[in-house]
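See below for the structure under consideration.
The values are calculated or read from the model by the stated rules, or taken from the named source; none is laboratory data. Since we're looking at a predicted model, the values are computed, not measured. Reconstructed Cβ throughout: ideal geometry from the backbone, glycine too, with neighbour counts over all protein chains shown. Note: areas computed on protein heavy atoms with side chains; ligands, DNA, RNA excluded. Shrake-Rupley method; radii C 1.70, N 1.55, O 1.52, S 1.80 Å.
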Amino acid sequence: SSMQPCGSAPCPGFRMREVASMYFTMIAVFLVVLVVALQGTAPRESPFPYTVPLDPQGLLELSWNVSYPLRLVHFQVLVKEPKFGLLFGMSDRGEFENADLAVLWSDGRNSYFGDAWSDEEGQLHMDSQQDYQLLGAHKAPEGLYLLFRRAFSTCDPKDYVIEDGTVHLIYGILEQPVRSLQAINTSAIPTGLQRVQLLKPNISVPELPSDMQSMAITAPDVVIPSQETTYWCYMVELPEKFPKHHIVMYEPVITAGNEALVHHMEVFQCAAEQGSVPGYNGPCDAKMKPAQLNVCRHVLAAWALGAQAFYYPEEAGLAFGGPGSSRYLRLEIHYHNPLVFKGRRDSSGIRLYYTARLRRYDAGILELGLVYTPVMAIPPGEAEFQLSGYCTDKCTRLALPPAGIRVFASQLHTHLAGRRVVTVLAREGRARRVLNADMHYSPHFQEIRMLKELVPVLPGDELITTCTYNTQDRSRATVGGFGIMEEMCVNYVHYYPQTQLELCKSAVDPGYLHRYFNLVNRFNDEEVCTCPRVSVPQQFASVPWNAFNRDVLRSLYGFAPISVHCNKSSAVRFPGEWEKQPLPEVTELRDAVPRCPPAPAARPLAPVALHLGRG
């Protein structure tokens, strides 16, 4: 290790630092053992509170914990059937190119561990800065345990920065011995990806009420279809005259053995105006599904792989039951069955915990982002195209109480082209803070996430939700709408106290879009029919997508006035003038750039040799 000046005292060398680190780790382990011993029969807290299966068979199990003071993640991987090694790491969207990897490999005699990176061809290289630090490896009856740690941000340009939001974890299994790290061919081994939120908020569990009851809303022993993707819908009815309660927490219920198949689950409440809703148990996209199920869109609970139990803040609960509340709930389960198992039975679902002793505040859900309308569109073949939806100061001034609201959780939502979603809170024209951001967002991984702290939103604040889309695999324009090949940009924020405001969103003014189509025609030989009988999706479909038409559309969305939807429930707008509103002007939020020391000269490092016995 190169010596740095340390005042008059000589710097502790690398060995000394390592010994000190091991010494403190041993003290920490001793303290944990001591605390556990002193607790006696109290349930032992696992040092790794979060666990997910990495592969569909569940042969690789990842557990982890997060230290915010040290800005570190500790990982434990259990390899249930160890072969000749394992690749584990992170990349932008789950690809094996430009990935950041920890690799365990064996040449048949000895085993080695090292921090590696892959180039754009997927070729592995030993990293000159070893930031996956091996803490231990041991064999147990259930398999091989690997324990290592990694800082959130390492100042190594080859390393992935671990941020809030979704992380695409990748893995590969070495089934044959390899001569060296460079000899591993990532395209010739079994690989896969798993999405998780690694940086869970460090929130203490609130005290739960003594009269808490629970209700499991679970699938009725369904046979999981033998296809890769299934959305299963099941209708549940609350008891007659079920009075108003507050949901205070909920947790997943997963049938043993199906942990790797149940991808995400949601419980929706139907609209009260609908009256009775017929029973149903079957795929959500089936022709037989009653149309009335489409009015069951009010989210009560949502869970995705790797999520824990969800707790409401002590002072608030989510109301359900009682007059003016539908008795009908819809459970939706996304089964991910890439190995096409046949005949697997499942009774997974979500268990709601609720109390009749109502808390001080009803929690509410406010929808931010873009209105579902085809006037917002993304040209085809775009690597990154941004659309923003605005909740304006005019709306929050009118709809929020004088003391404002407190946001405690958020669920981001797009369809298949979404790649990033960010909501920024602005006050008096200045961006003040990020309310929620997912820079590696995946439409296949949507969960309600607790925020690290309550975010106050005051009357006069603006909330700007920006979605970034990729349409490189599409040949036609993608318009906004409800269909899976159409797009959305939504942030469902969970807050208290509940207000009448259910939705605060925007879209470009339709008149300005009409002018855009006229402009396209003036520059491109009358391609787009601007007569009233032709729909906006048809108009977008006939735009020739040259650089000019792309750039003008991007500019239009960046300056044209907007139509604001400042709505109470059942789509009634608050009184006021909401058309042709000026686009809010907000100064950008500057990112805090991590200060990195000048990089030392790169030097190839040797891997760590392990003694695990043969193979």
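Of all residues in the stretch 302-314, exactly one satisfies the criterion of being open to solvent by 30 Å² or more (accessible area, probe 1.4 Å) and either without any contact (Cβ under 8 Å) to a residue 60 or more places away in the chain or within 16 Å of residue 365 (Cα to Cα) (or both), namely 311.
In the stretch 332-352, the qualifying residues are those that are aliphatic (A, V, I, L, M) and over 16 Å from residue 448 (Cα atoms), and the one that is most open to solvent (accessible area, probe 1.4 Å) is 339.
In this structure, does residue 467 turn out to be of a type outside the set (S, T, N, Q), under 16 Å from the mean Cα position of the chain (by Cα), within 27 Å of residue 516 (Cα to Cα) and surrounded by 20 or more Cβ atoms within 10 Å (Cβ to Cβ)? It is true that residue 467 is of a type outside the set (S, T, N, Q), under 16 Å from the mean Cα position of the chain (by Cα), within 27 Å of residue 516 (Cα to Cα) and surrounded by 20 or more Cβ atoms within 10 Å (Cβ to Cβ).
Taken over the stretch 522-561, residues that are without any contact (Cβ under 8 Å) to a residue 40 or more places away in the chain and either within 29 Å of residue 578 (Cα to Cα) or small (Gly, Ala, Ser) (or both) amount to 16. Screening 353, 441 for residues that are under 26 Å from residue 590 (Cα atoms) and of a type in the set (Phe, Trp, Tyr) leaves exactly one candidate, 441.
Looking across the stretch 441-462, the residues that are under 17 Å from residue 411 (Cβ atoms), assigned to a strand (DSSP E or B) and open to solvent by 10 Å² or more (accessible area, probe 1.4 Å) come down to 449, 450, 451, 452, 454.
Against the condition β-branched (Val, Ile, Thr), open to solvent by 10 Å² or more (accessible area, probe 1.4 Å), in contact (Cβ under 8 Å) with a residue 12 or more places away in the chain and outside any strand (DSSP E or B), how does residue 299 come out, does it pass? No: the conditions fail for residue 299. Is it the case that the stretch 423-437 has a residue that's out of contact with any Asp or Glu (no Cβ under 8 Å at 6 or more places or on another chain), closer than 23 Å to residue 573 by Cα and open to solvent by less than 30 Å² (accessible area, probe 1.4 Å)? Checking the stretch 423-437: at least one residue is out of contact with any Asp or Glu (no Cβ under 8 Å at 6 or more places or on another chain), closer than 23 Å to residue 573 by Cα and open to solvent by less than 30 Å² (accessible area, probe 1.4 Å).
In the set (1) buried (at least 21 other Cβ atoms within 10 Å of the Cβ); (2) closer than 30 Å to residue 416 by Cβ; (3) touching a Pro at 6+ places or on another chain (Cβ under 7 Å), the condition left unmet by residue 88 is number (3).
Okay, residues lined up against (1) open to solvent by less than 30 Å² (accessible area, probe 1.4 Å); (2) in a strand (DSSP E or B); (3) in the same structural domain as residue 585 (by the TED database):
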site	(1), (2), (3)
495	yes, yes, yes
499	yes, no, yes
512	no, no, yes
519	no, no, yes
522	no, no, yes
530	no, no, yes
545	no, no, yes
554	no, no, yes
565	no, yes, yes
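You will find that of 227, 194, the residue that is surrounded by fewer than 18 Cβ atoms within 10 Å (Cβ to Cβ) and either touching a residue at least 60 places away in the same chain (Cβ under 8 Å) or part of a loop (DSSP other than H, G, I, E, B) (or both) is 227 and no other.
Scanning the stretch 133-151 for residues that are of a type in the set (D, E, K, R) and either open to solvent by less than 10 Å² (accessible area, probe 1.4 Å) or free of Cβ contacts under 8 Å to residues at least 12 places away in the same chain (or both) returns a single hit, 150.
Is the stretch 65-77 home to any residue that is assigned by the TED database to the domain that holds residue 192 and closer than 22 Å to residue 177 by Cα? Yes: one or more hits. The sole residue among 311, 234, 250 that is more than 22 Å from the chain's Cα centre (by Cα) and of a type in the set (Phe, Trp, Tyr) is 234.
Considering 375, 340, 407, the condition of being aliphatic (A, V, I, L, M), at positive phi and touching a residue at least 60 places away in the same chain (Cβ under 8 Å) is satisfied by 340 alone. The residue list 339, 305, 352 contains one member that is in contact with a Phe, Trp or Tyr (Cβ under 6 Å, 6 or more places away or on another chain) and under 30 Å from residue 57 (Cα atoms), which is 352.
Scan the stretch 411-420 and give yes if some residue there is at pLDDT 95 or above, open to solvent by 10 Å² or more (accessible area, probe 1.4 Å) and in the same structural domain as residue 567 (by the TED database), otherwise no. Yes, the stretch 411-420 contains a residue that is at pLDDT 95 or above, open to solvent by 10 Å² or more (accessible area, probe 1.4 Å) and in the same structural domain as residue 567 (by the TED database). Scanning the stretch 269-288 for residues that are open to solvent by 50 Å² or more (accessible area, probe 1.4 Å) and in contact (Cβ under 8 Å) with a residue 40 or more places away in the chain yields 273, 274, 276, 279, 281, 285. Taking the stretch 70-121 as the region of interest, the strands (runs of 3 or more DSSP E) fully inside it that hold 1 or more residues being closer than 20 Å to residue 165 by Cβ, in contact (Cβ under 8 Å) with a residue 12 or more places away in the chain and in contact with a Ser or Thr (Cβ under 9 Å, 6 or more places away or on another chain) are 72-79, 85-91, 100-106.
Just so you know, in the stretch 197-224 the residues that are closer than 20 Å to residue 284 by Cβ and assigned to a strand (DSSP E or B) include one that is most open to solvent (accessible area, probe 1.4 Å), and it is 223.
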